[in-house]
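Values in this text are rule-based calculations from the coordinates and carry no lab data. Given the structure is predicted, the values throughout are model-derived calculations rather than measurements. Positions of Cβ are generated from backbone atoms using ideal geometry, with glycine treated the same way; all protein chains shown enter the neighbour counts.
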Amino acid sequence: MTAPFAERLLAWFDDHGRHDLPWQHPRTPYRVWVSEIMLQQTQVATVIPYFERFMARFPDIESLAAAEADDVLSLWSGLGYYARARNLHAAARRLAESGVPETVDGWADLPGVGPSTAAAIVAQAFDRRAVILDGNVKRVLARHAAIDTPQETAATQRRLWALADEHTPATRAADYTQAIMDLGATVCRRGKPRCVVCPVSEDCEARRQDRQGELPVRRQRKPKPVRRRVLLWLEDGEGRLLLEKRPATGIWGGLACPPIVERAEDADERIARLGLHREGEWHHLGFLRHVFSHFELDAEVLGVTVEHGGLAEGQGEWHRPERLADAPPVGLPAPVQRLIRERRRASLGDG
DNA sequence: AAGTCGGGGCT
DNA sequence: AGCCCAGACTT
């Protein structure tokens, strides 16, 4: 007779789990919460440097609540899914007033905190039993029970939540949630799962059927369309770059970005509307290509020097590229950060 | 139920 | 060149 799933998993975790992640020391509700938000759809290794910088700048809820939205976004630059940063900031302002909840429902009521994140926070921060179901857990459970229906369907989701609930023990909540995520990340990986060292392999149905490689099953994805755009690289006489704030919703919401037009023919009209005057001809500066989850951005970068006109309030701001390169005062999309560094190298090479 | 939202790591 | 990652939110 084999021991319960959780018992075997916890014994494995004590010897082989991850016990030294930054948000585990100290393991406060605030640090756990911020880490869980950053870790949504984002790998641990990517998050760690962002987490350290964020904690150095905003060590507690009060400092985050008191911050400006742009300061929060600038620390989020390059991490992606920028709605997370806006939601985190809004939630911090609410928590600074109401205090920190200790229940799953209390956390799930906050913007940016869904069912799995709320459960992870409660389990990690308060060591109270809560059922999580993230990508790692779904993969572990789908293989262990050999679930071969597409993960996205409602029926499969219900079944996975039920299995997650059944396996979750009454005690050691924080350790168990960390353990099953560690198992998914380091043993029951997407590619080449290490079943030989898996603590729950003896009753793993996928392994018994030798179908680890084909599970879990995902719904077929649609091909991604290409969005062609033109990005306007506008510098004034002193080499400063014009950035405008993008709308709060949509791609790169709330971040600063060079003006984007659909076609090169629209470029002159756009700078006229900004109240700027072109000095000389447009130059082709390169391309910006970036693959998003559901489309591909393919933009030609056109540059020109402009004279200041009556740049209206809120129409954009001039920034020194050297400041943007090291410590950007505003949130910048990763492709724009790369572009700035490239352009800076090019201009230094010229001069 | 499907679409939107980033960026990087891995195969 | 795709797939996936400590998902949530909107339509």
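Computed quantities for the displayed model
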| quantity | calculated |
| --- | --- |
| Inter-label distance for A:Ala325 and A:Asp203, nm, one decimal - labels placed 7 Å from Cα along Cα-to-Cβ | 6.0 |
| Antiparallel content of DSSP bridges confined to chain A, in %, to 5 | 65 |
| Three-way shape label, the range A:130-197, alpha-carbon gyration tensor, a/c 1.5 | oblate |
| For A:Arg218, A:Arg189, order by how many other beta-carbon atoms lie within 10 Å, fewest first | A:Arg218, A:Arg189 |
| Within the range A:280-300, backbone nitrogen closer than 15 Å to the virtual label 7 Å beyond the Cα of A:Arg221 toward Cβ | A:290-297 |
| Rounded FRET efficiency, nearest 0.05, which uses the C-beta distance separating A:Ala67 from A:Thr149 and R0 of 35 Å | 0.20 |
| Tensor-based shape of the range A:80-148 (alpha-carbon gyration tensor, a/c under 1.5 rounded, otherwise prolate or oblate) | oblate |
| Neighbour net charge for A:His294 - beta-carbon separation under 10 angstrom, K R +1, D E -1 | +2 |
| Whether the range A:226-350 is rounded, prolate or oblate, judged on the alpha carbon gyration tensor where a/c under 1.5 counts as rounded | rounded |
| Against the rule of thumb 2.2 N^0.38 Å, how large the Cα Rg of chain A comes out | 1.19 |
| Contour excess over end-to-end distance, with Cα ends at A:Val196 and A:Tyr81 and 0.36 nm allotted per residue | 37.8 nm |
| Pairwise label distance in nanometres, A:Leu348 with A:Gln315, each label 7 Å out on the Cα-Cβ vector | 3.3 |
| Computed [θ] at 222 nm, deg cm²/dmol, chain A (DSSP H ≥ 4; -39,500 (n - 2.57); rounded to nearest 500) | -13000 deg cm²/dmol |
| Mean Cα-pair separation over length for the range A:176-308, i.e. relative contact order, pairs under 8 Å, 6 or more apart, % | 25 |
| Added length on full extension, which subtracts the Cα-Cα distance from 0.36 nm per residue, A:Ala45 to A:Val291 | 86.5 nm |
| Axial C-alpha extent at least 15 Å, average Kyte-Doolittle at least -0.5 - helices from chain A (DSSP) | A:5-16, A:44-57, A:115-126 |
| Mean Cα-pair separation over length for chain A, i.e. relative contact order, pairs under 8 Å, 6 or more apart, % | 17 |
| A:Arg229/A:Ala90 FRET efficiency (R0 41 Å; Cβ-Cβ; nearest 0.05) | 0.85 |
| Under 18 Å from the A:Glu244 label point (7 Å along Cα→beta-carbon), backbone N, the range A:295-314 | A:299-314 |
| Order of A:Tyr82, A:Tyr176 - criterion: other Cβ atoms within 10 Å of each residue's Cβ, fewest first | A:Tyr82, A:Tyr176 |
